[in-house]
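Heads up: the structure comes next, in structure tokens.
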């Protein structure tokens, strides 16, 4: 298992000299980006990392009556099922905190995340997501 | 039943057992730990996972790994190195054809396939070649400029 690899620190930009305005500058991470070495969230790896799969709404508008994780959790290798109830403050947003991390009482669009299944492999997480009863 | 996959990645022979339903993208990123190839939509729409298969750009998220058996794959890690950049990579830096950079590896490989087959493309040909690569920062103008610049630069270098 590879330990989290951090990106190589960006080269320090030269001191901004007088007359810097109008000069061409290249991005400090440009070299990492064009060579595929730039690390994004999805590229990070940690020891004993779990894989997660979101369970998403197939409906544009519906009430969530009940979520039963028992069957998903019974699969060996499935570690946890997270729903809105597990999130102490289930709101976020850029200018208004009107978005839910996970849908709570209802879903409002097709594809809205309802629950997240964590498992030892992506395959198991996907299986757990399929077995989740909502 | 595991599949005995033997293929070439960036010129190096790779021999690895994979499940038959694993994608080439998965094998590159998770089994070979080469995360330069990006995972985007996993539906063949965004082009972030573009690699070259025998020189032709393919979306590796849609290609089952066993399909690469016996074939040559080029990923962004094989396009150039930080010390010796491919002309396209240098042009992307010079023209600022990068913002978040996530579409970069796929863009660069689509562009490399174009220039290999058509060293002096028109702007329309460049745009067509990268039509399958989405840039959500919408930096297309600079990307097109960079690819055209790289093609011109390459042609200048050909002249002794």
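Here residue B:27 fits the description: buried (at least 22 other Cβ atoms within 10 Å of the Cβ), within 14 Å of chain A (Cβ to nearest Cβ), touching a strand residue (DSSP E or B) at 6+ places or on another chain (Cβ under 8 Å) and over 17 Å from residue B:111 (Cβ atoms). Taking the criterion of being farther than 19 Å from residue B:70 by Cβ, in contact with a strand residue (DSSP E or B) (Cβ under 7 Å, 6 or more places away or on another chain) and free of Cβ contacts under 8 Å to residues at least 24 places away in the same chain, the only residue of the range B:30-49 that qualifies is B:44. The single condition among (1) surrounded by 14 or more Cβ atoms within 10 Å (Cβ to Cβ); (2) closer than 23 Å to residue B:132 by Cβ that residue B:8 does not satisfy is (2).
Screening residue B:47 on (1) closer than 17 Å to residue A:40 by Cβ; (2) within 14 Å of chain A (Cβ to nearest Cβ); (3) buried (at least 19 other Cβ atoms within 10 Å of the Cβ) shows it passes everything except condition (2).
Residue by residue through the range A:40-54, note down the ones that are within 13 Å of the chain's Cα centre (by Cα) and either surrounded by 13 or more Cβ atoms within 10 Å (Cβ to Cβ) or in contact (Cβ under 8 Å) with a residue 12 or more places away in the chain (or both). Quick ask: steps written out before the conclusion?
As a first pass, look at the range A:40-54 and keep what is within 13 Å of the chain's Cα centre (by Cα): A:40-44, A:50-54.
Across the range A:40-54, the qualifying residues are A:40, A:43, A:44, A:50, A:51, A:52, A:53, A:54.
Highlighted here would be strands (runs of 3 or more DSSP E) found entirely within the range A:14-131 that include at least 1 residues which are away from chain B (no Cβ under 14 Å), out of contact with any strand residue (DSSP E or B) (no Cβ under 9 Å at 6 or more places or on another chain) and at negative phi, but there are none.
The listed residues are A:37, A:23, and the only one of them that is surrounded by fewer than 17 Cβ atoms within 10 Å (Cβ to Cβ) and under 30 Å from residue B:94 (Cβ atoms) turns out to be A:23.
Any read-out appearing in this document is the output of simple, stated calculations on the displayed coordinates, not a laboratory observation. Being a predicted model, the structure only gives us computed values, none of them experimental. Every residue, glycine among them, receives a Cβ derived from its backbone with ideal geometry; neighbour counts consider all protein chains shown.
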